[in-house]
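Take a look at the following structure, please.
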Amino acid sequence: MARNSWSRYSNRSFYLFVSPWVLGFLLLTAAPLAYAFGVSLTNFDGSSPRWRWVGFRNYVELFGDKEAWAALLRTVAYTGIAVPLSVAGALGLAVLLNRRLKAVGLWRTLFFLPSVVPVVAMAIMWKLVLNKDAGILNAILNSVGVKSISWLVDPMAFYALIILTLWGLGGGMVIMLAALQGVPAELEEAAIVDGANRWRVFRHITVPMISPVIFFQVVTGVIATFQIVVQPLLLAETNSIAGVGQVPQSTHLYMVQVYQEFFTSSRFGYGSAMLWVFFLVILAFTLLVQRSSRLWVHYEVDTDSDR
Amino acid sequence: MHVNRHGRLAPAAVTQVRFRNLRVSAGAAYVLLMALAVLFVGPFVWLLLAALKTRDEWAAVPTRILPHEAQWGNFVHALTDINFPAYAANSLFLSTIYAVLITASSAAVGFGFARLRGRAKRGLFLVLLSTMMLPQILTLLPTYVLFSRLGLVNTYWPWVLWGLAASPYLVFLFRQFFAAIPRELEDAAIIDGCGWARIFLRIFLPLSRPVLLTSFLLSFTWTWGDYIAPALLLDVDHTTLSVAITAWYRDPHGNAIPTVQAAAAALYVVPALLIFLFAQRYFIRSVVASGVKG
């Protein structure tokens, strides 16, 4: 029986292997979050050593801060428009490509390409396209008799940001395409033989089969668009973080407001409180969505099992 | 005989139904795809056209589509008006260091979660998965404040630290790969008296070459494309190409020069696109692994 007491596994080797992530998580994620919470209880301005504790005053102020609320609502509106459109667009493109087409690989590459363009280049490109006087979009609109639109200022900047977001939906398309290819063809064919039309097959067979993937896309999409800050910054006339105050009102999202508190107003304490509230909002959203997912996401296998 | 797209024999009736549907919609599908392709590729073309125009041609009313003569000089200006090669070297250096370190650390952590056992492993893995959801932008500002107090601003240490800390996303990618490797490989090595470190380095790592490449390319493009971290942490001399091309192409009056900036953006985006085109299947693999397996 002595042989059974021998084990190839030891806690030591496991922890040795996972220690880079455990230490990294503690020092580079948990510690900064804890530090931010500490700072959020002070009136620290980023440099002066003469800060003091203010308790939860920053949080109380934030609760009555009209600008922060407006920025949060704007963020929700932006997310509420951009995420459904990107997910639906990604699914639509994937359906279009999931058939006997010539050069499927080429089309896929074309649509996937924009999603790997660095954000800085993306912003420069779209500023050129959307430029009021020299941009190609207004030139096209002019040629069909529509007057030039000021895309990069209020109120159109909001839509410019959505266009920019939609341009990058190729990553989602690739995922959807892989999911569609995993749907057994027999199921769809059986339904067609039974007299269902294509739309009903799509609606009642294809979509439920890939609903876990759609669900995942929505969740990660919401979290990604919630935290957007670089795109509004780079689409604006400003060219640095210090110029964050010049971001147009309509793209002044929550994280833009946070950066403004940090770098224009030097209110590190207040900005940290904003970060923490946002962290809790995102956490609550994630938990809520996870809970509700069982109601409408179809899992072929039990999700509780480990592998 | 009719074979459907999964290579299985399909009943003739089904194929005919499909065929008729396809014939009607295939033409429409190509038209739609063409129109969409113009939308997706148009901005690239417009960038290149802007990079080849004179400033007057760029600003001309009504809008000019093509330059009268290609202004290759814009690219020379892009390379020489600011110290482009130095910033490109910074970007390259930072991206490479980060990609090498994070690939190594994520592979090790992924191996631990896939093949080893230890107390609280399940709980730790849940924490790891949930940090995949945690926006990095939330921790970046406090990290910046902490790093500036520790004197790490204007050094490349933050990227070394981030690299050593492994990425939950890449850990997940490696874990999925390592978990699928048959146990017999490991058994044989253990009987030969190998420790886990040797098993990892000699057996599992060589097997995972495609995942290593995916991880390296992916993390390389993350840093190459990152704007906010270098903008916060690095000054004019240390910063990367992404920050440099955003702001510093100005004429003596302080106005941005769009044509030269377009040329610079084209030069900046080329490495990222080349990596992507040559290694597309690796990118698709990683995207799909993260999205479908969730």
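Values quoted throughout were computed directly from the atomic coordinates according to the rules given, and no laboratory measurement underlies them. Note that this is a predicted model, so its numbers are computed, not measured. Cβ coordinates were reconstructed from backbone atoms using ideal geometry, including for glycine residues, and neighbour counts include every protein chain displayed.
Using only the alpha-carbon atoms of chain B as identical scatterers, what base-10 log of I(q)/I(0) does the Debye formula give at q = 0.07, 0.10 Å⁻¹?
After summing over all Cα pairs, the log10 values are -0.43, -0.79.
Would you pull out the residues with amide H under 5 Å of B:Ser167's amide H, same chain only if 5 or more places away, H placed 1.01 Å from N?
Those qualifying (amide H under 5 Å, at least 5 residues apart or on another chain) are B:Ser106.
In angstroms, what radius of gyration and Dmax does segment A:213-257 have, counting Cα atoms only?
Gyration radius and largest Cα-Cα distance of segment A:213-257: 12.7, 39 Å.
List the residues whose amide H sits under 5 Å from the amide H of A:Thr42, counting only those 5 or more places along or on another chain, with H placed 1.01 Å from N in the peptide plane.
A:Val54
Mind pulling the per residue volume of the convex hull built on the Cα atoms of the protein assembly as shown? Å³ is fine.
Details: hull volume 120.6 nm³, N = 601.
Spelled out: Cα convex hull of the protein assembly as shown, divided by residues, is 201 Å³.
Within chain B, what's the longest run with no trypsin sites (Lys or Arg not before Pro) in a DSSP loop and at most 12 other beta-carbon atoms within 10 Å? Give the range, please.
B:120-294
Looking at chain A, do any whole DSSP H helices span at least 30 angstrom along their long axis by alpha carbon and average -0.5 or above on Kyte-Doolittle, and which?
Values: long enough: A:66-97 (46 Å, 1.35); A:268-296 (41 Å, 1.28).
Qualifying helices, which must be both long enough and hydrophobic enough, are A:66-97, A:268-296.
How long, wide and thick is segment A:198-307, going by the Cα atoms along their three principal axes, in whole angstroms, largest first?
So the extents along the principal axes, rounded to whole Å, are 53, 32, 22.
Pick out which of A:Thr165, A:Thr109, A:Thr79 has the largest mean-square fluctuation in a Gaussian network model of chain A, springs linking Cα atoms closer than 10 Å.
A:Thr109
Same structure, new question: About its Cα centre, how strong a charge dipole does segment A:51-296 have in debye, to the nearest 20, once Lys and Arg get +1 and Asp and Glu get -1 at the Cβ? Don't skip to the end; give the middle numbers.
Numbers: 17 positive and 11 negative charges, 44 e Å.
Dipole magnitude for segment A:51-296 comes out near 220 debye.
When the C-alpha atoms of segment A:155-260 are aligned to their principal axes, what extent does each axis show, in angstrom, from largest down?
That gives 62, 22, 17 Å along the principal axes, largest extent first.
Using θ = phi - 60° and the Karplus relation 6.51 cos²θ - 1.76 cosθ + 1.60, list the HN-Hα couplings for segment B:262-275 in order, rounded to whole Hz, with x at every Gly or Pro.
Per residue, the Karplus-derived 3J(HN,Hα) values read 4, 4, 5, 4, 5, 5, 6, 7, 4, x, 4, 6, 5, 3 Hz.
In whole Å, largest first, what are the principal axis extents of the Cα atoms in segment B:180-294?
That gives 74, 28, 24 Å along the principal axes, largest extent first.
Additional query: Just rank A:Val18, B:Val288, A:Val146, fewest to most, by other beta-carbon atoms within 10 angstrom.
Numbers: A:Val18 25, B:Val288 18, A:Val146 10.
With the sparsest Cβ surroundings first, the list reads A:Val146, B:Val288, A:Val18.
Among A:Ala196, A:Ala36, A:Ala68, which one shows the biggest mean-square fluctuation in a GNM of chain A, springs joining Cα atoms closer than 10 Å?
A:Ala196
Roughly speaking, what % of Cα-Cα pairs in segment B:109-188 are separated by over 20 Å, rounded to a whole number?
48 percent
Give a residue-ordered list of calculated ³J(HN,Hα) values for segment B:242-258 (Karplus: 6.51 cos²θ - 1.76 cosθ + 1.60, θ = phi - 60°; whole Hz; x for Gly, Pro).
Using θ = phi - 60°, the values come out as 4, 6, 4, 6, 5, 10, 9, 9, 10, 7, x, 7, x, 8, 5, 9, x Hz.
Next up: Distances longer than 17 Å among the Cα atoms of segment A:116-194: what percent of all pairs is that? Spell out each step's value before the answer.
Numbers: 1898 of 3081 pairs.
The proportion of pairs with Cα distances above 17 Å equals 62 percent.
Considering chain B as a Gaussian network with a 10 Å cut-off on Cα pairs, which listed residue, B:Ser105, B:Ser242, B:Ser95, attains the greatest mean-square fluctuation?
B:Ser105
Among the chymotrypsin sites (Phe, Trp or Tyr not before Pro) in segment A:38-128, which ones are in a DSSP loop with at most 13 other Cβ atoms within 10 Å of the Cβ? Mind listing them? It would help to have the intermediate numbers written out before the result.
On the way: sites: A:Phe44, A:Trp51, A:Trp53, A:Phe56, A:Tyr59, A:Phe63, A:Trp69, A:Tyr78, A:Trp107, A:Phe111, A:Phe112, A:Trp126; in loops: A:Phe44, A:Trp51, A:Phe56.
Sparse-neighbourhood loop chymotrypsin sites (Phe, Trp or Tyr not before Pro): A:Phe56.
Compute the relative contact order of segment A:51-296 as a whole-number percentage, counting only Cα pairs closer than 8 Å that sit 6 or more residues apart in sequence.
Values: 239 pairs, mean separation 65.8, N = 246.
Relative contact order for segment A:51-296 comes out at 27 percent.
Still on this structure: Please arrange B:Trp159, A:Trp167 by counting, for each residue, the other beta carbons lying within 10 Å of its beta carbon, fewest first. Intermediate results must be reported in sequence, preceding the final value.
On the way: B:Trp159 23, A:Trp167 20.
The most exposed by this proxy come first: A:Trp167, B:Trp159.
Still on this structure, I have one more. Mind checking the alpha-carbon convex hull of segment A:1-117 and giving the volume per residue in Å³?
On the way: hull volume 37.3 nm³, N = 117.
Normalising the Cα hull of segment A:1-117 by residue number yields 319 Å³.
What do you get for Rg/Rh over segment A:58-208 if you use C-alpha atoms and the Kirkwood form of Rh?
On the way: Rg = 20.5 Å, Rh = 18.7 Å.
Across segment A:58-208, the Cα-based Rg/Rh ratio is 1.10.
Using just the C-alpha positions of chain A as equal point scatterers, what log10 of I(q)/I(0) does the Debye formula give at each q in 0.07, 0.08, 0.16 1/Å?
-0.41, -0.53, -1.34
Now for a different question. Which distance in nm do the two modelled labels at B:Arg55 and A:Arg50 give, with both placed 7 Å along the Cα-to-Cβ direction?
Modelled inter-label distance: 4.7 nm.
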